[in-house]
Amino acid sequence: MKLNSSCIKVEHANKCFGKNQVLFDINLDIPYSQILCLLGPSGSGKTTLIKLIAGIDVPTSGEVYLLDEKMPKLSMMSKIGYMAQADALYGALTAEENLRFFASLYNISKVKQKQRIYEVMELVNLSNDLKKQVKQYSGGMKRRLSLAIALIHEPPILILDEPTVGIDPLLRKTIWDELYKSRDAGTTIIVTTHVMDEVEKCDELGMIREGKLIAIGSPNDIKRATSSNTIEEAFLYYGGASQ
Amino acid sequence: MKMRAVMMRILLQLKHDKRTMVLMIFAPILVLTMMSFIFNGSDYHPKIGIINAPMSFVNKLEDSDAKVIRYDENTSYEALKRSKIDAMINFKSGIPQIELEGSDPAKNNAVLVLVQKAMQQTTQIVPEITYLYGYENMSSFDNFGPILIGFFVFFFVFLISAFSFLGELTSGTLERLLSTPLHRWEIIMGYILGFGVFTIIQSALIAWYSIHVLKIMMVGSFGFVLLITILTALIALSLGTLISIFADNELQVIQFIQIILVPQVFFSGLFDLSTMAPWLQAIGRFMPLWYIADALRNIMIRGKGWSDIAMNVLILTIICVFLVIANILTLKKYRKI
């Protein structure tokens, strides 16, 4: 085995649900302190792939390594901040109670919890709505709270499934600024999206189509390789080529 | 401790959801109260139309609290047809001819018993009657009250646990929980403890209300009743979460109730099954509600002690442990580790 310097590694991962194969031979090698964007139409297998990486699901064949540990492994779960596509929040509870509940699942001390809750809620601009029941939140507010919960235990790996859906451009910028800041502090981040302009903001871009990783590289490399001016053109280029 | 965090979260959710909490406690109490009104009613006094009968016979009927109305042949037939009376009696050459309204077997029976009693010779020896269990004029509510307590605890706890766990599945919070370092057993045990605390209070209240307010016959120990109802709640709780793992939506949960709960009611002893084929009766032995009802009846009506319910307690405990393990294993469907 070669010396492993990557943070997230996916090797020949296939995933089938019954007879239906949704991921075909995925290989990823993501170094530390990087933002990887996974771009692809809905139903292309983005969510399945990140569930494999997050250890919620296992590949039918192939391997996933996180920080040199083979997934799935329960102790690795605390190293991941996961934000699902659906806002997995308890509507009857207040934002603070939601945060405190998830924080206690990571064994964060009471004092630290208080400090972290303040920090993440500041970040997503929800500090004034801390005591509000989540069912009174708007869609965008729920999205932001989900992000705050994913960040609560300061994980070295962040996995965000469409984090900016329903968030206004101003706040989207704040969130991306924050993602850059955590990346510079050493966090490795995977973001799925189907918004093209967000893709330009990442270090590395993976394009997924019908369960296959059709391209991987920095946004500029991909544009150059396909001699396109925009990511959209590049995506269409690969899409056409695969047919 | 993470299990405690799950438990506290559930209690917190219940605290915020006051309507659910109030419904969970008052719905069974309301239904039990209504059933006690229905089944505690005094004996039925049949209404009998008389066309022609000896005076002594009519007096005897009236002595046994029957409502006797005199008719001639035409009007009595009309009254019978309109169900104003339950039977008409006409003596023809000393032999009573009885025509019954006939649509309600219980009323038919009441009339026949009464007539037979009135025909009997007064000089008969009256037997001395004693009761080993129960008492004279014991109402049918006393008889199946214990089963109802067991059933309602089972039913309402099953409902709340099935729906709330299903909510966890459909809202994605379960997947979110499974992305944290929580063990599967910590989720299930946290659930059972969280709802357990609440359902224990609920079932104790139901038992207390039935015994002290509705005055269901109770000669045994309240502690044993509590023990059985708590076991009932725990079984219903773990069965509810187990079912919701297999159900995709609320409608399917309701359909599972028909398969899982309704047959248990039939075999619980609410209806007398002793005339059924023995192998059919044996089906009841595979249903938790049978053991619950059997134990509660033994405690409440027959005043039996630990040695008579120990077997039921053991079997119920085994069922409970089995269901909890089944829950932890089936949760693998959502996360392999």
Original post:
Only one residue in B:LEU280, B:LEU270 is over 15 Å from the mean Cα position of the chain (by Cα) and assigned by TED's automatic domain parsing to the domain that holds B:ILE160, so which one is that?
Top reply: B:LEU280
**OP:** Filter the range B:9-26 for residues that are part of a helix (DSSP H, G or I) and either within 14 Å of chain A (Cβ to nearest Cβ) or modelled with pLDDT of 90 or more (or both) and give the result.
**Re:** B:ARG9, B:ILE10, B:LEU11, B:LEU12, B:GLN13, B:LEU14, B:LYS15, B:HIS16, B:LYS18, B:ARG19, B:THR20, B:MET21
**OP:** Answer yes or no: is there a residue in the range A:216-228 that is under 27 Å from A:ALA95 (Cβ atoms) and not β-branched (Val, Ile, Thr).
**Re:** no
Subject >> Whichever residue in the range A:85-96 is modelled with pLDDT under 90 and at the interface with chain B (Cβ under 7 Å from one of its Cβ atoms) and, among such residues, is surrounded by the most Cβ atoms within 10 Å (Cβ to Cβ) >> reply: A:ALA88
Original post:
Could we say that A:ASN125 is under 22 Å from A:LEU179 (Cα atoms), in a loop (DSSP other than H, G, I, E, B) and touching a Lys or Arg at 6+ places or on another chain (Cβ under 9 Å) here?
Top reply: yes
Subject >> Of all residues in the range A:101-122 being assigned to a helix (DSSP H, G or I) and polar (S, T, N, Q), the one that is nearest to A:ARG172 (Cα to Cα) >> reply: A:GLN115
Subject >> Residues satisfying the stated conditions in the range B:205-239, i.e. among the small types (Gly, Ala, Ser) and within 16 Å of the chain's Cα centre (by Cα) >> reply: B:ALA207, B:SER210, B:ALA233, B:ALA236
**OP:** Considering only the range A:41-51, state which residues are more than 11 Å from chain B (Cβ to nearest Cβ), under 13 Å from A:VAL22 (Cα atoms) and in contact (Cβ under 8 Å) with a residue 24 or more places away in the chain.
**Re:** A:SER42, A:SER44, A:GLY45, A:LYS46, A:THR48, A:LEU49
**OP:** Report those strands (runs of 3 or more DSSP E) wholly inside the range A:143-243 carrying at least 1 residues which are touching a residue at least 60 places away in the same chain (Cβ under 8 Å), buried (at least 20 other Cβ atoms within 10 Å of the Cβ) and under 13 Å from the mean Cα position of the chain (by Cα).
**Re:** A:157-161, A:188-193, A:204-209
Subject >> Filtered residues of the range B:53-89 (kept if in contact (Cβ under 8 Å) with a residue 40 or more places away in the chain and either assigned to a strand (DSSP E or B) or within 15 Å of B:VAL113 (Cα to Cα) (or both)) >> reply: B:PHE57, B:LYS60, B:LEU61, B:SER64, B:ALA66, B:ASP86, B:ALA87, B:MET88, B:ILE89
Original post:
Which one of these is surrounded by 13 or more Cβ atoms within 10 Å (Cβ to Cβ), at pLDDT 85 or above, more than 27 Å from B:MET138 (Cα to Cα) and in contact with a helix residue (DSSP H, G or I) (Cβ under 6 Å, 6 or more places away or on another chain): B:ILE51, B:ILE29?
Top reply: B:ILE51
**OP:** With the checklist (1) part of a helix (DSSP H, G or I); (2) farther than 30 Å from A:ALA84 by Cα in hand, flag the one item B:TRP185 doesn't pass.
**Re:** (2)
Original post:
Taking the range A:97-138 only, how many residues are under 23 Å from A:VAL165 (Cα atoms) and within 11 Å of chain B (Cβ to nearest Cβ)?
Top reply: 5
**OP:** Residue by residue through the range B:258-279, note down the ones that are surrounded by 10 or more Cβ atoms within 10 Å (Cβ to Cβ) and part of a loop (DSSP other than H, G, I, E, B).
**Re:** B:LEU261, B:SER268, B:GLY269, B:LEU270, B:PHE271, B:LEU273, B:MET276
**OP:** Quickly run through the range B:278-320 and pick out the residues that are within 20 Å of B:LEU261 (Cβ to Cβ) and among the charged types (D, E, K, R).
**Re:** B:ARG285, B:ASP294, B:ARG297
Subject >> B:ILE206 vs. criteria β-branched (Val, Ile, Thr), touching a Pro at 6+ places or on another chain (Cβ under 6 Å), within 25 Å of B:VAL253 (Cα to Cα) and away from chain A (no Cβ under 14 Å) >> reply: yes
Subject >> Qualifying residues in the range A:54-84 (those that are part of a loop (DSSP other than H, G, I, E, B) and facing chain B (nearest Cβ under 8 Å)) - the one nearest to the chain's Cα centre (by Cα) >> reply: A:ALA84
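The values are calculated or read from the model by the stated rules, or taken from the named source; none is laboratory data. The structure presented is a predicted model; accordingly, all values stated were derived computationally and were not measured. Virtual Cβ from ideal backbone geometry, glycine too; neighbours counted across all protein chains shown.
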